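*Asks:* One structure coming up, written as structure tokens, with questions to follow.
The values are calculated or read from the model by the stated rules, or taken from the named source; none is laboratory data. The shown structure was predicted, so the numbers you read here are calculated from the model rather than taken from an experiment. Heads up, the Cβs are rebuilt from the backbone with ideal geometry, glycines too, and the neighbour counts pull from every protein chain shown. With ligands, DNA and RNA removed, areas are computed over all heavy atoms of the protein, side chains included. Shrake-Rupley method; radii C 1.70, N 1.55, O 1.52, S 1.80 Å.
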Amino acid sequence: MLKVKLMNKIAKVGTDVLRGKYEVSDSVVGEDAIMVRSANLHELEFDKNLRAIARCGAGVNNIPVDKCTKAGIVVFNTPGANANAVKELAVAALILASRDVIGGVEWVKTLAGTEGVAKAVEAGKSAFVGHELAGKTLGVIGLGAIGGMVANVGVSLGMNVMGYDPYITAKAAWSLAPSVSQAADYDEIFKSCDYITLHVPATPQTKNMICADSIAKMKDGVRILNLARADLVNAADVKAALASGKMAKYVTDFPTDETVGVDGIVAIPHLGASTVESEDHCAVMAAQQLDEFLTCGNIRNSVNFPNVFVSRSEKNRVCIMHENIPNTLSPIAGVFSARNINIENFANASKGEVAYTIVETNAVADEAILADLLKINGVFGVRQFS
């Protein structure tokens, strides 16, 4: 029986997908797969049997992806599974960026035990006057599963919404409300919007995208929402902008040493995906992807290998990991044809420097065939499903 190790507490509805077919616990040894939420795997010594890691969530900063790729370990995430939860928190963040609800609530607490609370509230509430969202311009950077939903909810709140995503998919574009306008670039978002919300991954290209230079292009009194990753924002530059009045508010779901306790910063304790429903959705999706890969080699939603999936048939299946280099597919097919084995189905895709091929045949591949496949230049992983 294959083994799945749990590196965090994973929702039971997810682990139930695997139980019975796999040994699932936080104490298994010699695991074939890992399920993880936030545990840091960068210092973990991977077992030689490890084939896959499933992250119950979208971000994979806690996983050494490059190391996994070199070892032939497929890393999965669960894009979209927590999108609704983050979207709902984004609505709260918009409100918190506009209205000093937190300050008002804390002030009311100081009235406990005094007489005439209602009168005091009416007299003191002017200190917490805010702004309405309707009619303001919301800029959404990143229009994936979460950003697209935030853009649409902005429209429903009466905001003028402008989005920018150089990598937007056709599916994401079709899901946007017709009134969401497309910005030509980041600068158009910076120059045009009263509110800017970030929904992009943390990469070398997006790190510190909100900094002194980009803030200088923004409207005075701009309000920034960051429910994506701390590294997208240069904290020192944000604090300087808040102190000068250039920026009115910064709301983040990723508190750091630099952003806690700063006037103008609302720091939420990473609650974006912290709903029972979101944790359930992520766990089920991660478990299903692991099961499909371990059972028949299909790959869906991997961050380091291409998506390749063929509906499971009664045919014998060989899955091959290889470098994305010329003259690889013909030798793979040649290994089977040399033995008069007919290829019934063939699927291949690449992602960056790696590629993945599924071959279904009318005969079981013996050890000699698998050994010959591994001899092909660029091939670094072969697995058979019969």
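*Asks:* At 1.4 Å probe size, with the rest of the protein present, what percent of the exposed accessible area of segment 174-259 is carbon and sulfur atoms? Mind showing how you got there, number by number?
*Replies:* Values: 1990 of 3960 Å².
Exposed carbon and sulfur together represent 50 percent of the surface.
*Asks:* With every protein chain present, what is the per residue accessible area of segment 228-320 (1.4 Å probe, Å²)? Spell out each step's value before the answer.
*Replies:* On the way: 3920 Å² over 93 residues.
Per-residue value: 42 Å².
*Asks:* Can you list the lysines whose alpha carbon is less than 20 Å from that of Lys109, not counting same-chain residues fewer than 8 positions off?
*Replies:* Lys119, Lys125
*Asks:* What list of ³J(HN,Hα) values in whole Hz, one per residue of segment 376-386 in order, does the Karplus curve 6.51 cos²θ - 1.76 cosθ + 1.60 (θ = phi - 60°) give from phi, with Gly and Pro shown as x?
*Replies:* 5, 4, x, 7, 10, x, 9, 9, 10, 10, 10
*Asks:* Once amide H atoms are placed 1.01 Å from N in the peptide plane, what residues at a sequence separation of 5 or more from Val24, or on another chain, have their amide H within under 5 Å of its amide H?
*Replies:* Here the answer is Val4, since their amide H atoms fall under 5 Å of that of Val24.
*Asks:* Which value, in debye to the nearest 20, describes the size of the charge dipole of segment 63-141 about its Cα centre when Lys and Arg Cβ atoms bear +1, Asp and Glu Cβ atoms bear -1, and nothing else is charged? Don't skip to the answer; put the middle values down first.
*Replies:* Details: 8 positive and 7 negative charges, 55 e Å.
With Lys and Arg at +1 and Asp and Glu at -1, about 260 debye.
*Asks:* Ok, one more. Arranged from highest to lowest average of other beta-carbon atoms within 10 Å per residue, in what order do the peptides 179-191, 243-255 appear?
*Replies:* Numbers: 179-191: 15.5, 243-255: 19.0.
Going from most to least packed, we get 243-255, 179-191.
*Asks:* Rounding to the nearest 20 debye, state how big the charge dipole of segment 1-159 is about its Cα centre with +1 on each Lys and Arg Cβ and -1 on each Asp and Glu Cβ. It would help to have the intermediate numbers written out before the result.
*Replies:* Values: 18 positive and 15 negative charges, 66 e Å.
With Lys and Arg at +1 and Asp and Glu at -1, about 320 debye.
*Asks:* In sequence order, what are the phi-derived ³J(HN,Hα) couplings for segment 245-257 according to the Karplus relation 6.51 cos²θ - 1.76 cosθ + 1.60 with θ = phi - 60°, rounded to whole Hz, with x for glycine and proline?
*Replies:* Running phi through 6.51 cos²θ - 1.76 cosθ + 1.60 with θ = phi - 60° gives x, 4, 10, 8, 7, 10, 10, 9, 9, 10, x, 9, 4 Hz.
*Asks:* Once you've got the GNM for the chain with C-alpha springs shorter than 10 Å, pick whichever of Val260, Val17, Val308 has the biggest mean-square fluctuation.
*Replies:* Sorting by GNM fluctuation, first place goes to Val260.
*Asks:* A further question on this structure: So which of Lys70/Lys171; Lys207/Lys351; Lys217/Lys351; Lys136/Lys239 end up more than 29 Å apart, counting from Cα to Cα? Could you put the intermediate results ahead of the total?
*Replies:* Details: Lys70/Lys171 31 Å; Lys207/Lys351 22 Å; Lys217/Lys351 35 Å; Lys136/Lys239 23 Å.
Beyond 29 Å between Cα atoms: Lys70/Lys171; Lys217/Lys351.
*Asks:* Let me ask another. What does the C-alpha gyration tensor say about the overall shape of segment 129-233? Classify as rounded when a/c is under 1.5, otherwise prolate if a/b is larger than b/c, or oblate.
*Replies:* Working: a/c = 1.63, a/b = 1.04, b/c = 1.57.
The shape class here is oblate.
*Asks:* Nearest 20 debye, what's the magnitude of the dipole of the chain about its Cα centre given +1 on Lys and Arg Cβ and -1 on Asp and Glu Cβ?
*Replies:* Details: 36 positive and 41 negative charges, 58 e Å.
Computed about the Cα centre, the dipole is about 280 debye.
*Asks:* Could you check which residue among Arg37, Arg19, Arg229 shows the biggest mean-square fluctuation in a GNM of the chain with a 10 Å Cα cutoff?
*Replies:* Of Arg37, Arg19, Arg229, the Gaussian network model singles out Arg19 as fluctuating most.
*Asks:* Please state the shape class of segment 202-262: rounded when a/c is under 1.5, otherwise prolate if a/b exceeds b/c and oblate if not, all from the C-alpha gyration tensor. Can you show the working numbers first?
*Replies:* Details: a/c = 1.75, a/b = 1.20, b/c = 1.45.
Oblate is the answer for segment 202-262, as a/c is 1.5 or above yet b/c matches or exceeds a/b.
*Asks:* If you find the alpha carbon centre of segment 245-285 and of segment 1-60, how far apart are they in angstrom?
*Replies:* Rounded to whole Å, the Cα centres lie 26 Å apart.
*Asks:* OK, next. Share of segment 53-110's accessible area from carbon and sulfur, percent, 1.4 Å? Please list the in-between numbers first.
*Replies:* On the way: 1340 of 2300 Å².
So the carbon and sulfur contribution to the accessible surface is 58 percent.
*Asks:* Kindly provide the helix-only [θ] at 222 nm of the chain, computed as the sum of -39,500 (n - 2.57) over DSSP H runs of four or more divided by all residues, to the nearest 500 deg cm²/dmol? Please list the in-between numbers first.
*Replies:* Details: 13 runs with 125 residues, N = 386.
Result for the chain: -9500 deg cm²/dmol, rounded to the nearest 500.
*Asks:* Another question about this same structure. Take every DSSP beta bridge whose two residues both sit in the chain, then give the antiparallel share in percent to the nearest 5.
*Replies:* Working: 24 of 63 bridges.
In the chain, DSSP labels about 40 percent of beta bridges as antiparallel.
*Asks:* Further, regarding this structure: Between beta-carbons, use under 15 Å as the cut-off and find the net charge around Asn77, counting Lys and Arg +1, Asp and Glu -1.
*Replies:* Details: positive: Arg37, Arg55, Arg229, Arg300, Lys351; negative: Glu279, Glu292.
Net charge in that neighbourhood comes out at +3.
*Asks:* Shifting gears a bit: Mind running the shape call on segment 303-386? Use the C-alpha gyration tensor, a ≥ b ≥ c as the square roots of the eigenvalues: rounded below 1.5 for a/c, prolate if a/b tops b/c, oblate otherwise. Write out the running numbers ahead of the final one.
*Replies:* Details: a/c = 1.86, a/b = 1.26, b/c = 1.47.
Since a/c reaches 1.5 but b/c is at least a/b, the shape of segment 303-386 is classed as oblate.
*Asks:* How many Å² of accessible area per residue for segment 39-194, probe 1.4 Å?
*Replies:* 51 Å²
*Asks:* Another question, if that's okay. Ignoring ligands, DNA and RNA, please state the percent of accessible area on segment 121-162 from carbon and sulfur, probe 1.4 Å. Write out the running numbers ahead of the final one.
*Replies:* Values: 1070 of 1810 Å².
On segment 121-162, the fraction of accessible area on carbon and sulfur atoms equals 59 percent.
*Asks:* Ignoring solvent entirely, what values of log10 I(q)/I(0) come out of the Debye formula for the chain at 0.10, 0.13 Å⁻¹ when each Cα is a single scatterer?
*Replies:* These q points yield log10 I(q)/I(0) values of -0.76, -1.08.
*Asks:* Treating each Cα of segment 17-146 as an identical point scatterer and ignoring solvent, apply the Debye formula and state log10 I(q)/I(0) at q = 0.15 Å⁻¹.
*Replies:* Debye output, listed in q order: -0.84.
*Asks:* Express the accessible area of segment 323-386 per residue in Å², computed with a 1.4 Å probe while the remaining protein chains stay in the model.
*Replies:* 53 Å²
*Asks:* Oh, and also: Can you tell me the mean projection area, over all orientations, of the convex hull of segment 230-326's alpha carbons? Units nm², please.
*Replies:* Details: hull surface 44.0 nm².
Result: a mean projected hull area of 11.0 nm².
*Asks:* Just flag the GluC sites (Glu not before Pro) in segment 1-108 sitting in loop per DSSP whose Cβ has no more than 14 other Cβ atoms within 10 Å.
*Replies:* Values: sites: Glu23, Glu31, Glu43, Glu45, Glu88, Glu106; in loops: Glu31, Glu43, Glu45.
Taking segment 1-108 and a limit of 14 other Cβ atoms within 10 Å, the loop GluC sites (Glu not before Pro) found are Glu43, Glu45.
*Asks:* Any idea which of Ser38, Val17, Val28 is furthest toward the positive side of the dipole for segment 1-82, if Lys and Arg beta-carbons carry +1 and Asp and Glu beta-carbons -1?
*Replies:* Val17
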